[in-house]
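Trainee: Before we start, here is the structure in question, set down as structure tokens.
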Amino acid sequence: MSLENERDVAIFRVEGILSTRPTVSAATWMALNAQRMRSRLLGLSAFTLSAPLWLGPMRDPIRASRVAWAALEGMSEDRLIVLGELYVKEFLQNAIPDVGLRLVAQCRAAGQRIVLVSDNVEAVMKPFAEALGADAVICNALDVDGRWVTGRLKTPVLGAELGGQQLRQLAQARGIDLGRAHAYGQRGGDSLLLGAVALPCAVRPDRHLSRIARDLDWPVVED
Amino acid sequence: MNNETTPLSIREAFSGKHLLVTGVTGFVAKVWVTLLLTHVPEVGRLTILVRGRRRQSAETRLREIVETSPALRPLRERHGKDLDVFLAERLEVLEGDLAKPYCGVEPQIARGLMETVDLVVNVAGLTDFAPDPILAVDVNVLGARHVADLTALSPNARLLHVSTSFVAGMVNGRVPETVTPGISPNGTRFDVEAELLAVRSACDTINEREGNSRSAAARKGRVDIGSKRAQALGWPNIYTYTKGLAEHALASRDDIALSIVRPSIVECACDFPFTGWNEGLNTSAPIFWMCSGFTWKVPVSGDICFDVIPVDILARGMTVVAAEQLQDRAAPVYHMSSGDHNRLDYERGLDLTALAIRQGTVTIETGPLLRWLAQQFDVAPSEVPATESAVLPSMSKATKWLRDGLRRFDARKALPSSMPLEQRDAWHNQIQSFGLKVNRVQKLMATVQSLWETYQPFVYEYNYCFVTESIRRSSARLEGEEQALFGWHLERLNWRDYWLNAEAPGLQQWSLPLIRGKSIPVDDGYALSGPLRQTCDRLESSPRSEERTAGVQPSSNQMRNR
């Protein structure tokens with residue numbers, strides 16, 4: 001999606017503000033709903049294997065994401081898209097935290113365009129953005145060969161921390177002027193995103209982001 | 001400029017023309033006639049041949065269709081109360097019967113009628129895969145012949161005959177748009193007349209042997225013999241055999257200008273008369289039904305082409321072919337199918353069906369636990385044919401064993417005599433009631449197994465690729481608005497969007513209730529102000545009616561079956 005007008009932009013990090021579910025939950029749920037039992041068992045194995053990469057000392061969110069989504073190799077694109085829609089309906093759409101809904105409504109009322117940022121995949125984020133009435137979404141995408149999911153994420157892979165050159169390139173591609181944008185984040189990893197925009201805001205921040213917000217005088221919304 | 005590149009104008013081709021149409025009580029013809037009257041109101045006259053029933057005249061049957069069939073909604077919505085006037089100028093009913101010579105039309109009426117007919121469109125046919133061969137021959141072969149005899153009475157003798165692409169028979173690969181009279185799909189030389197005599201003779205023998213032609217055993221015998229004859233010539237079943245014989249019978253005539261339209265699997269409409277419209281039980285409805293909860297491995301080969309064509313795309317194609325015929329530049333055969341340019345296979349079809357069930361678009365009418373289980377176990381091809389599959393037959397045997405055991409079991413004797421009699425009776429009744437449910441499940445499994453075996457040639461054995469050069473070439477000749485309205489755009493069809501938003505909800509609403517023993521609601525609230533015009537009334541009141549009734553009969557040559 002490209003935002004081709006002069007309205008200000010409000011960027012929302014989905015994880016933490018608009019969804020309390022980790023990205024791996026979507027990957028696992030979809031893998032467990034593959035067409036064949038064999039594929040579902042493989043999916044469960046992939047989730048188990050990726051667990052140390054999400055938690056503990058070996059923590060590597062980008063690699064964990066790649067391993068989790070690899071479980072969808074061999075799934076049809078039809079199934080990926082429909083499962084994405086079902087996942088949003090069942091787990092995301094009606095579970096958006098009130099503070100997130102309120103902030104989106106306020107930004108929309110102020111005439112801002114809503115942009116969602118997530119390390120989840122397009123198959124999930126696109127229907128979620130539609131449900132929320134968002135104008136654009138920046139997220140990962142699964143590679144599809146013919147009509148089969150390869151299990152690989154398209155590069156560049158977005159992790160839990162989005163900022164720097166990657167963020168600037170993505171913003172430019174979508175016509176987003178970071179110098180006039182608002183951004184909302186909840187975790188420490190969102191500090192790069194918040195630091196790159198003109199008007200950052202920490203929303204129910206975790207301890208790490210709370211400390212950064214305090215140091216940099218960023219506004220904080222608790223509830 | 002040659003015929004292939006000269007622009008084709010649908011409206012010009014149909015303007016003022018008189019068509020005779022059969023099969024309008026069926027799914028395809030209703031959509032086609034509605035499309036024609038909606039988008040080509042320039043057409044001069046449509047004479048609709050309808051068979052009356054014992055308690056319902058042909059006029060009443062057609063009027064009921066006009067007033068209540070959902071297929072005609074676009075006409076009712078567009079014209080409202082003025083539909084009477086619109087139809088009075090363009091539509092008339094002709095009572096007839098395809099099973100009779102000259103479709104049961106009296107000679108003087110036939111003569112007068114056919115003087116002005118520019119094109120006959122024969123859509124009538126029996127579409128059961130394993131019908132009684134006598135009935136199938138009467139409708140599909142002799143019916144086509146009688147329509148052709150009537151056509152031959154008209155000045156230009158143009159006939160558009162709707163067949164099926166599966167007359168290709170038991171073959172694999174590309175199927176060209178040709179018909180070679182007298183050569184069957186497996187290369188056997190045959191004669192249609194001799195074949196018809198042989199089938200009838202074989203069926204008579206069965207009837208004599210059974211002593212009662214109406215008995216189930218006699219019918220089964222006739223179906224078996226019909227199936228064997230079909231397969232001996234290379235057709236998989238009686239339906240394709242009789243449609244094939246009809247094509248051969250028509251193609252060998254030199255007194256008609258014939259074009260054959262061969263649709264593949266006709267399914268729910270994309271958008272006309274409205275998204276999802278379907279009627280009766282076509283091919284996919286039983287497949288959806290069988291996939292919704294009975295087994296998750298179905299005896300299908302995933303890479304076999306699931307050659308579906310939405311009914312409105314077929315109707316548009318038929319309009320183009322009819323226009324070309326009216327201009328005497330139609331091809332002899334047109335496949336109307338998707339496989340050679342927008343291929344859907346059974347792997348994808350089953351995946352999409354499973355997804356439609358997950359979405360809740362197709363509902364499973366059972367208890368919540370079984371419904372949840374059915375939604376978890378998505379159907380997939382088993383890659384084993386129905387005749388070799390162990391799953392359903394094993395389940396069927398197991399339920400049969402359970403059913404028989406429960407029938408024999410007498411709880412009143414098995415339970416201790418210290419238990420009050422009323423309680424033992426109650427237990428016995430509960431167990432017997434459970435046995436009845438098991439019996440229903442067992443019969444259902446037997447039906448499902450039988451259906452898969454019937455479908456086996458098309459879902460497991462033969463991988464067709466029907467060439468569609470004729471219709472695509474014709475479509476390229478359309479320009480402007482007519483290209484948008486009537487052009488062949490099947491290559492743009494997104495199967496996922498179609499399956500989930502048209503096919504699945506369409507079958508759920510219009511077809512699956514029939515399998516579940518429910519009726520389909522019709523539209524109400526509309527009534528024509530009077531009867532539809534009838535052909536015989538028009539002809540009797542025309543200046544030439546006296547000449548026709550003064551003994552002008554079709555010649556004995558014309559009356560004799562060719």
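The values are calculated or read from the model by the stated rules, or taken from the named source; none is laboratory data. Keep in mind that what you see is a predicted model, and the values were worked out from it rather than measured. Positions of Cβ are generated from backbone atoms using ideal geometry, with glycine treated the same way; all protein chains shown enter the neighbour counts.
Trainee: Quick one: is B:Glu89 at pLDDT below 95 and either surrounded by fewer than 18 Cβ atoms within 10 Å (Cβ to Cβ) or acidic (Asp, Glu) (or both)?
Mentor: Yes.
Trainee: B:Val179 is checked against (1) under 24 Å from the mean Cα position of the chain (by Cα); (2) of a type in the set (A, V, I, L, M); (3) buried (at least 21 other Cβ atoms within 10 Å of the Cβ) and fails just one. What number does that condition carry?
Mentor: Just one mismatch for B:Val179, condition (3).
Trainee: Please specify each residue of region A:12-39 satisfying the condition of being away from chain B (no Cβ under 14 Å) and in a helix (DSSP H, G or I).
Mentor: A:Val14, A:Glu15, A:Gly16, A:Ile17, A:Thr23, A:Val24, A:Ser25, A:Ala26, A:Ala27, A:Thr28 - these are the residues of region A:12-39 that are away from chain B (no Cβ under 14 Å) and in a helix (DSSP H, G or I).
Table: residues versus (1) outside any helix (DSSP H, G or I); (2) under 20 Å from B:Ile206 (Cβ atoms); (3) in contact with a Lys or Arg (Cβ under 6 Å, 6 or more places away or on another chain).
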residue: B:Tyr102; (1), (2), (3): no, no, no
residue: B:Val117; (1), (2), (3): yes, no, no
residue: B:Gly125; (1), (2), (3): yes, no, no
residue: B:Ala136; (1), (2), (3): no, yes, no
residue: B:Val139; (1), (2), (3): no, yes, no
residue: B:Leu142; (1), (2), (3): no, yes, no
residue: B:His146; (1), (2), (3): no, no, no
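Trainee: Next question. Are any residues in region B:323-359 among the small types (Gly, Ala, Ser) and under 26 Å from B:Cys305 (Cα atoms), and if so, which ones?
Mentor: B:Ala331, B:Ser337, B:Ser338, B:Gly339, B:Gly349, B:Ala354, B:Ala356
Trainee: Can you tell which of A:Asp119, A:Asp78 is of a type in the set (D, E, K, R) and over 15 Å from the mean Cα position of the chain (by Cα)?
Mentor: A:Asp78 is the lone residue from the list that is of a type in the set (D, E, K, R) and over 15 Å from the mean Cα position of the chain (by Cα).
Trainee: Given the condition surrounded by fewer than 21 Cβ atoms within 10 Å (Cβ to Cβ) and outside any helix (DSSP H, G or I), answer yes or no: does some residue in region B:75-83 qualify?
Mentor: Within region B:75-83, none of the residues are surrounded by fewer than 21 Cβ atoms within 10 Å (Cβ to Cβ) and outside any helix (DSSP H, G or I).
Trainee: Out of the residues in region B:370-388 that are away from chain A (no Cβ under 11 Å) and among the acidic types (Asp, Glu), state the one that is farthest from B:Leu507 (Cα to Cα).
Mentor: The selected residue is B:Glu388.
Trainee: State whether the residues of region B:106-120 include one that is at pLDDT 95 or above and within 24 Å of the chain's Cα centre (by Cα).
Mentor: For region B:106-120, residues at pLDDT 95 or above and within 24 Å of the chain's Cα centre (by Cα): present.
Trainee: In addition: As an exercise: evaluate B:Asp303 against (1) over 30 Å from B:His161 (Cα atoms); (2) touching a Cys at 6+ places or on another chain (Cβ under 8 Å) and give the number of the one condition it does not meet.
Mentor: All conditions are met except number (2).
Trainee: With the requirement that a residue be surrounded by 17 or more Cβ atoms within 10 Å (Cβ to Cβ) and closer than 20 Å to B:Lys443 by Cβ, what does region B:371-399 give you?
Mentor: If the condition is that a residue be surrounded by 17 or more Cβ atoms within 10 Å (Cβ to Cβ) and closer than 20 Å to B:Lys443 by Cβ, then B:Ala374, B:Ala386, B:Ser389, B:Val391, B:Leu392, B:Met395, B:Ser396, B:Thr399 are the ones that fit.
Trainee: Right, here's the next one. Can you list the helices (runs of 4 or more DSSP H) found entirely within region B:282-369 that contain at least 3 residues being more than 14 Å from every other protein chain (Cβ to nearest Cβ)?
Mentor: The helices (runs of 4 or more DSSP H) meeting that bar are B:284-291, B:311-326.
Trainee: Looking at region B:471-485, which of its residues are over 22 Å from the mean Cα position of the chain (by Cα) and part of a helix (DSSP H, G or I)?
Mentor: B:Arg472, B:Arg473, B:Ser474, B:Ser475, B:Gly480, B:Glu481, B:Glu482, B:Gln483, B:Ala484, B:Leu485
Trainee: Further, regarding this structure: Among (1) buried (at least 18 other Cβ atoms within 10 Å of the Cβ); (2) touching a strand residue (DSSP E or B) at 6+ places or on another chain (Cβ under 7 Å), which single condition is B:Pro332 missing?
Mentor: That leaves (1) as the condition not met.
Trainee: Out of A:Lys126, A:Lys154, report the one residue that is in contact (Cβ under 8 Å) with a residue 40 or more places away in the chain and farther than 27 Å from A:Arg207 by Cα.
Mentor: Only one candidate passes the filter, namely A:Lys126.
Trainee: Test B:Val552 against the stated conditions and say whether it is at pLDDT below 95, within 30 Å of B:Leu250 (Cβ to Cβ) and not in a helix (DSSP H, G or I).
Mentor: yes
Trainee: Quick check on A:Ala70: is it buried (at least 18 other Cβ atoms within 10 Å of the Cβ), of a type in the set (A, V, I, L, M, F, W, C) and out of contact with any Asp or Glu (no Cβ under 8 Å at 6 or more places or on another chain)? Reasoning before the result, please.
Mentor: On the way: buried (at least 18 other Cβ atoms within 10 Å of the Cβ): yes; of a type in the set (A, V, I, L, M, F, W, C): yes; out of contact with any Asp or Glu (no Cβ under 8 Å at 6 or more places or on another chain): yes.
Yes; evaluated as a whole, the condition is true for this residue.
Trainee: Out of the residues in region B:462-510 meeting the condition of being over 25 Å from B:Ala330 (Cα atoms) and small (Gly, Ala, Ser), tell me which one is nearest to the other protein chains (Cβ to nearest Cβ).
Mentor: Step by step, filter region B:462-510, then rank; the result is B:Ala504.
Trainee: Could you list all residues from region B:84-100 that are within 30 Å of B:Ala136 (Cα to Cα) and either assigned to a helix (DSSP H, G or I) or among the aliphatic types (A, V, I, L, M) (or both)?
Mentor: B:Leu91, B:Val93, B:Leu94, B:Leu98, B:Ala99
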